[in-house]
Structure formats: C-alpha cells, structure tokens
Ligand code: FAD
Ligand code: SF4
Ligand code: SF4
Ligand code: SF4
C-alpha cells in the first residue's frame, strides 16, 4: 500500500500511453484511470495544438481522449487554474476534476481557493516538478538564431541535464546549455528563473524525472506522494492495473534532492540579479514609474492574474483612476501593488501577456519577497490567509455601501 510521504518510480501499463508520455506516462494513466473509475467527472490538462509552441488547455470527459494530453510542453506558459475556473464556472462549478499543475499553477490554485475562486475539495492536483518554461516567441527566435534550425521543423523538445534540446523531423538533434542561452537573453521566462517552487509538494502528487536512474531513466516517473488523496489515487490505479510502481532507490532520491537544491540556488542567484538591479527606495519607484508610463490600460495584467478576482475592480473607479487617460494615472499600478503584492505567486502572466512588455511580474515579485521577509506570509503553499485578506468581496462591498467607509481597518482611530 502506498502512503503519504512515499517516493516511487511509476509507469503506465499501457504501451500507447508509455510511448506518448514524457517519462513513463504515469500522469496520463492516472488521469485516465480517475475518469474511467468515476473518481472524477473530468480531467483538465494541456495538449499540443497546431504545433509544440501551442499549448491548449482542455476539459476532457471521455477517457479515450486523455492520451491526447500526454507529454510535456516546455513552451506551455499558460496558467492552468485561472483557465480552469473560467471553464468550470461556465460548465459546472461542482465538477470533480483531476488537473495537472506546474509549481506556479499549484500556488495559484491555493491563492484562488483562499478567495473562493476554486474549491480544492473538488480537485485532485497532480503536480509536475518544473525547471521552467520558455515563451513560444522566444523559443522560435532562439531555435532559429542559436540552434540554426527552422523552428517549424522541430517535432520534439526537452529540457534535460541543464540543456534545451530540440529534435527535427529529419533526425537533427541539438542541445545547448540553458546557462549559455540565458546569459544571451534566450531561455526560460524571467519569472521561471526566479522561481523556487520546483517540486510542488502542496499538490496531491509531485511527479517528475529528477532522480530516475539506471534502466528506468526516461521510462518511469518519479512520484512523491504528498497527500492522502494522492495516495488513494495511486493505490486505486495500481489495483486497477493502470500503473506499476516500485520504491525509488536511495541513490535516486539523493540525486533528486541534489538537483532540487541546485535549482533553488539558481533561483536565488536570479532573484538577486533581477531585484538588485531595480535599486531601492525612490530609485526603484522611479524605474517602475518610467516603465509603466507606456501602459495602454488594456487590463490584461488584471484579467490574467490568479490573485485579482474582484468583480468591481478598484482600478475602474473614476475617483481613484481618472477615466479616459492613457497611460493611466500611476494610481492604476499602485492599486495593484497594494491589493495583491503580498500574495503574488510569480506566475509571470502579467508580464508575458502585457502587450507593451512592462516587467510587471518582476516588480510585483520584488515587492512580494520584501513583504514576505517583513511579515512572514508565504503565498501559495497552504491555506493560510494573507495578512490583510480577512474579508470577502461581497460582504465588504455591502459594508462599504452601508457605512460609506472604505477603511477595512480604521487606522485613524
Ligand atoms: P505524461 O503522462 O506525459 O503527462 C504529462 C502531463 O503534463 C499531461 O497531463 C500534460 O497535459 C501536462 N502538461 C504538459 N505540459 C504542460 C504545461 N506546460 N503546463 C501544465 N501541464 C502540462 N520534471 C523534472 O523532474 N524536472 C524538471 O525540470 C521538469 N520541468 C518541467 C517543465 C515543464 C514546463 C513541464 C510541463 C514539466 C516538467 N517536468 C519536470 C515534469 C516532466 O516533464 C513530466 O511531466 C513528469 O516526469 C511526468 O511524466 P509522465 O510521463 O508521467 O507525464
Ligand atoms: Fe515552472 Fe516556476 Fe516557471 Fe511556473 S514559474 S513554469 S513552476 S519554473
Ligand atoms: Fe502572477 Fe503577476 Fe499576478 Fe504575480 S501579479 S500572481 S506574477 S499575474
Ligand atoms: Fe498596462 Fe500592460 Fe497591464 Fe495592459 S497588461 S494594463 S499595458 S501594464
């Protein structure tokens, strides 16, 4: 019997799933089993769209379709829980769903759950270890300029042993070190470089390839069982014949730990680089004011942030941000910093989807890490509420209307 805390090698018993899967197809086998056995009503995962630069989120209710989601898309920079919420709100908010989540996705799911945007009781969260993802446009440029390969001929990509590796339809196989690529401005997104959620242990399972050694390397998934729910799924899937498992060897566990630590150190290095170059105090403020002066007020940073959820967004209140002005008054950005910086999970959406390439995520993450060191609140790891998130929006709106006061805590008393 598998129990919480176990570390296993696992693989699918189905040849087609093993072939299509990234490292043994365990996740795909688990998703299919959960759906077939009625443990969940649907599966939410991503699959390749028109090419491997196009990661498409998909809600699946037919077990036969689950195999179409097998494999890892390193250019899949999408934030899964916000998309899932949009999808289930229009389908059925009470659906039980098995969902695959990267580290930032799991963190976002927790912050959304705190704000009643997702119900974690309805989810089986299958986490994937994550070394990082690459923006599709950057990947195309990088493959063309650094690899000397036409990006449209690439049929497979992977990140292995610190290298970004591509394979073309005619059998070309080329890898370049991530460090080299990133020093030259290619490679992972800036938020991924700063990310320290490498093994998402707050999910129900944490799956990856780090630590899979010997003849199992590349053919089995390293699964850390991180909750009772995760253990139940593993046991049921093994008993149902969907997966096979064996205990991970001590050497594999040791290697996995070393790689994770090296990645955490790398995250610290990038944080220092990104945050130090922002300066402090007024210099930092000036940098933010200069960059945000090109804002076109498209609201993309707000709509795609997992922490922004208000129905009546304060940035749309004419007495706070005068309407009709582009760029908007700096208050637009100050409201966002004030409302969400304590809970930012560094998912990068506000930067990647900003049409004028403002480094929103770098700014917000810098403030979040400062607040974390001051108040100790760590977003995205459990259901602890942030320091000021003690009210719910509808109740608070009612209170505001009834009292005419927008002070949650009356600091002038
Ligand atoms: P499969 O059966 O192939 O299933 C993979 C699942 O991942 C599918 O359900 C698919 O929908 C989902 N998926 C694919 N791409 C994305 C995406 N972009 N966002 C969300 N879900 C996605 N493991 C490590 O040990 N070290 C790493 O550095 C590492 N980096 C990763 C980076 C990314 C962007 C991703 C997506 C995964 C990464 N992994 C990493 C996990 C690893 O690649 C495998 O997903 C894991 O070993 C499980 O293999 P499997 O054969 O069981 O999965
Ligand atoms: Fe992976 Fe972290 Fe980047 Fe999310 S922010 S894609 S978890 S490296
Ligand atoms: Fe993600 Fe940006 Fe929101 Fe932070 S502020 S959680 S990086 S979208
Ligand atoms: Fe401004 Fe960029 Fe946000 Fe759009 S996404 S509102 S341009 S900061």
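Note on the chain: along the principal axes its Cα atoms extend 66, 48, 38 Å, ordered by decreasing extent.
Over region 1-146, the hull volume per residue, using the convex hull of the C-alpha atoms, is 140 Å³.
With both labels modelled 7 Å from their Cα along Cα-to-Cβ, the residue 329 to residue 398 distance reads 3.1 nm. With R₀ set to 30 Å, the beta-carbon distance separating residue 86 from residue 179 gives a calculated FRET efficiency near 0.25. A Förster radius of 25 Å combined with the Cβ-Cβ distance from residue 1 to residue 36 puts the calculated FRET efficiency at roughly 0.70. Report the relative contact order of the chain, percent, no decimals, based on alpha-carbon pairs under 8 angstrom and at least 6 residues apart. Relative CO of the chain lands at 19 percent. In this rough spin-label picture, where each label sits 7 Å from Cα along the Cβ direction, the residue 272-residue 310 distance is 3.8 nm. Say R0 is 25 Å: what FRET efficiency, to the nearest 0.05, do residue 172 and residue 196 get from their beta-carbon distance? E(calc), rounded to 0.05, equals 0.15.
Translational diffusion coefficient of region 42-102 (Stokes-Einstein, Kirkwood radius from Cα pairs, 4 °C, 1.567 mPa s): 108 µm²/s. Gain on full extension, evaluated as 0.36 nm per residue between residue 337 and residue 294 minus their Cα-Cα distance, stands at 13.8 nm. When all alpha carbon pairs of region 82-229 are counted in 5 Å bins from zero, the resulting P(r) reads 2, 9, 15, 16, 15, 15, 13, 9, 5, 1 %. Report the percentage of all Cα-Cα pairs in region 169-328 whose separation exceeds 25 Å, rounded to a whole percent. Here the long-distance tail beyond 25 Å is 59 percent of all Cα pairs in region 169-328.
Helix 136-145 axis versus longest C-alpha principal axis of the chain: approximately 60°, rounded to the nearest ten. Residue separation of residue 217 and residue 239 scaled by 0.36 nm, minus their Cα-Cα distance, works out to 5.5 nm of gained length.
Given the chain, what percent of its DSSP beta bridges are antiparallel, to the nearest 5? Here the antiparallel bridges make up roughly 75 percent for the chain. The mean sequence distance of close C-alpha pairs (under 8 Å, at least 6 residues apart), as a share of the length of region 146-299, puts its relative contact order at 17 percent. Model label points for residue 372 and residue 285, set 7 angstrom from Cα along the Cα-to-Cβ axis, are 2.5 nm apart.
Computed from the coordinates by the stated procedures, all read-outs in this text should not be read as laboratory data. Nothing here was measured: the structure is a model prediction, and the numbers come from that model. Cβ atoms come from the backbone with ideal geometry, glycine included; neighbour counts cover every protein chain shown.
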